[in-house]
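Worksheet: one structure, shown below.
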Amino acid sequence: MAGDSSQDDEAERFLKALALSGNITRAAREAGVKRRAMLALQTADPEFAARMREACDEAIDLLEAEARRRAVDGVEEPIIRGGDFLRQDDGSIAVIRRYSDRLLELLLKAHRPEIFAARGHGPKIATDPADSLAPEERADRVARLLDAARMRRARSPAGS
């Protein structure tokens, strides 16, 4: 990024905030810069535009890590009974660890769509060995199966 040092500092602060939030308006506010100035810089400077995309990717990585944590490690939630926190014998608040099956499902669909995609969506999983054959191999296999069926029919007694 070519420009004066104060603009470079503003851009760096903005990019750091963007990498954490993934939101241009929030990042501009947190960096103390004008949103329009950052969007203008994005349009004018291809290097800055690429760095903005990278910062947004970093923010998405943070979201994915949090989704994974909630799905796999779970989140502790206080147990409430009759409108009050349930207390353990030592006086601490009792908690239960909850896991997010929905987040786990979404992560699996995102990272293994060939296995976890909904029916009719994503790549098809071969369930018949013929499904994985090239078209010519499949045609040869069908022809062999038809020939075998004709031979069995020819050998069978008439009328059966």
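Any read-out appearing in this document is the output of simple, stated calculations on the displayed coordinates, not a laboratory observation. What you see is a predicted model, and the numbers here were worked out from it, not measured in a lab. Neighbour counts run over all protein chains shown; Cβ positions are idealised from the backbone, glycine included.
Per residue of the range 69-79, in order, report the coupling 6.51 cos²θ - 1.76 cosθ + 1.60 (Karplus, θ = phi - 60°) as ³J(HN,Hα) in whole Hz, putting x for Gly and Pro.
Calculated HN-Hα couplings, in order: 4, 5, 6, 9, 8, x, 10, 7, 10, x, 8 Hz.
For the chain, with the dipole built from +1 on Lys and Arg beta-carbon atoms and -1 on Asp and Glu ones, taken about the Cα centre, which of A94, C56, A154 lies farthest toward the positive end?
Of A94, C56, A154, it is A154.
Which order do the peptides 30-40, 11-21 come out in when sorted by mean C-beta neighbours inside 10 angstrom, highest first?
11-21, 30-40
For a quick size check, give me the Cα extents of the range 1-70 along its three principal axes, largest first, whole Å.
Here the Cα extents, ordered largest to smallest, are 43, 22, 18 Å.
With the crude spin-label approximation of a point 7 Å out along Cα→Cβ, what separation in nm comes out for D84 versus D101?
With each label point 7 Å from Cα toward Cβ, the separation is 3.3 nm.
Jot down the radius of gyration and Dmax of the chain, Cα atoms only, both in angstrom.
Cα only, the chain: 29.9, 96 Å (Rg, Dmax).
Rounded to the nearest 20 Debye, what is the dipole magnitude of the range 74-125 about its Cα centre when Lys and Arg each give +1 and Asp and Glu each give -1 at the C-beta?
The dipole of the range 74-125 has a size of about 440 debye.
Once phi is turned into θ = phi - 60°, what whole-Hz ³J(HN,Hα) does the Karplus curve with 6.51, -1.76 and 1.60 give for every residue of the range 18-31, x standing for Gly and Pro?
Each residue's phi maps through the Karplus curve to give 5, 5, 8, 9, x, 10, 4, 4, 5, 4, 5, 4, 5, 7 Hz.
Near the amide H of V95, under 5 Å away, which other amide H atoms are found, from residues 5 or more places off or on another chain, if H is placed in the peptide plane?
I79
If you take every residue apart from L63 with its C-beta less than 12 Å away from the C-beta of L63, what net charge results, scoring Lys and Arg +1 and Asp and Glu -1?
After counting each charged neighbour, the total is -2.
About the Cα centre, and with charges only on the beta carbon of Lys, Arg (+1) and Asp, Glu (-1), how big is the dipole of the chain? Nearest 20 debye, please.
Charge dipole of the chain: 1260 debye, to the nearest 20.
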